[in-house]
Amino acid sequence: MNTTLQVPESLLEAVRYYSDLNVCHEYMVKIKWPDGKITCPQCGADKIGLVKGRPASVESNGKKKRARQPMLQCKNVECRKQFSSKVGTIFEDSPLGLDKWFVAVWCVANDKNGISSYEVHRALGVTQKTAWFMTHRVRLAMQTQSFRKIRGEIESDESFIGGQARYMHKRKREQRITATGPVGKAIVHGLLERGGEIRASVVPDLKRKTLQDKVRQNVELGSSVYTDTSNSYAGLGSDYVHEMVNHLEAYVRGRVHTNGLENFWSLLKRCLKGTYVAVSPWQLFRYLDEETFRYNKRKGNDGDRFHQVMRSVVGKRLQYAELTGRLATT
């Protein structure tokens, strides 16, 4: 079996190339079973065949026919389960074809400022609710999980995410803005490995233990850590080469600065304020996953980013009830 994966280089090429559900199916098979050995998700048998002769489904207007997603079937006489290549991925149980899913993945992975669910809804001809669910499932595949500790020169900084007081109604401002600083806003902490990757996460507070635990969990001992003069970072010098820059005096002192992270915060807030507008604090981490993925893969092309996301769709599942908070996560 040929395991070479063809990936288009532009959105126009991707729409044309993945308009054929058979092409999408072959791509997914190569993603899920790179060794070419397809196995049944129910019994684990490797004798799998393609269900032939599936009739095309006719749309409600009775004018246009659309091919159905190719199906596989286990040849084990005690099983005989039929399944598609979407099983065991973020696409599982979705009635939408992979041709629409692939375009959605391409757009979320490559639009620098993000793409709203309303744009996806108009582009793919699905409801806004469906588009919103689709984009969050794609963000799940964009989560970067690595056990590698970053090293070298590291920038550490925090940012506050939330509405600005000057844009609030007087009554709402009096309710929500009760003090200065992070009160009423979500706090995001970031670590930037110069020349490498960025890691960002939502944190509950700015306490010393909270921020220093993040640094120690992600940064290799002995690395150079650059921060501002916040007292939360006091004590890092015992494990790292810790240097601080006082932003009241200057933003740069030689190699000591956090300008790289400030650039990332700018990109993140442009995405949140300009595209998504209103983000629930308890779902903010999903948008962080999206922005950190695009930032870490910024040197690749659109096809590379699409393929990177597609390689991560397997083994992940997000249900609508979980996304909306109706289902307790484990």
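Read the figures in this text as sums done on the coordinates, not as results from a lab. These numbers come from a predicted model, not from an experiment. With ideal geometry, Cβ positions are generated from the backbone for all residues, glycine too; neighbour counts draw on all protein chains shown.
Before moving on, here are some points about what is shown:
- Relative contact order [Cα under 8 Å, 6+ residues apart], region 11-141, whole percent: 21 percent
- Residues within the reach of a label modelled at V277 (point 7 angstrom out along Cα to beta-carbon, backbone nitrogen below 11 Å), restricted to region 98-117, are 117.
- DSSP beta bridges in the chain [antiparallel fraction, %, rounded to 5]: 75 percent
- Largest first and in whole Å, the equivalent-ellipsoid semi-axes of the chain read 43, 24, 18, each the square root of five times a Cα gyration tensor eigenvalue.
- Cα-projected label distance for K112 with T127, points at 7 Å along beta-carbon direction, nm: 3.5 nm
- Remark on V245: its backbone amide H falls under 5 Å from those of T227, D228, T229, a criterion applied only to residues 5 or more positions apart or on other chains, H modelled at 1.01 Å from N.
- Cα-based convex hull, region 11-141, per residue volume (Å³, whole number): 132 Å³
- Working note: 222 nm ellipticity from helices only, DSSP H runs with n ≥ 4, each -39,500 (n - 2.57), summed and divided by the residues of the chain, gives -10000 deg cm²/dmol to the nearest 500.
- Expected-Rg normalisation [2.2 N^0.38 Å, Cα atoms] applied to region 91-139: 1.00
- Those aspartates and glutamates that a straight Cα-Cα span of less than 12 Å connects to K75, excepting residues fewer than 8 apart in one chain: D46
- Sorted on the mean count of surrounding Cβ atoms within 10 Å across their residues, most packed first, peptides 132-145, 204-217 read 132-145, 204-217.
- Compared with the rule-of-thumb size 2.2 N^0.38 Å for a compact globular protein, region 232-330 has a Cα radius of gyration ratio of 1.47.
- FRET efficiency, 1/(1 + (r/R0)^6) with R0 51 Å, evaluated for V77 and K269 via beta carbons: 0.30
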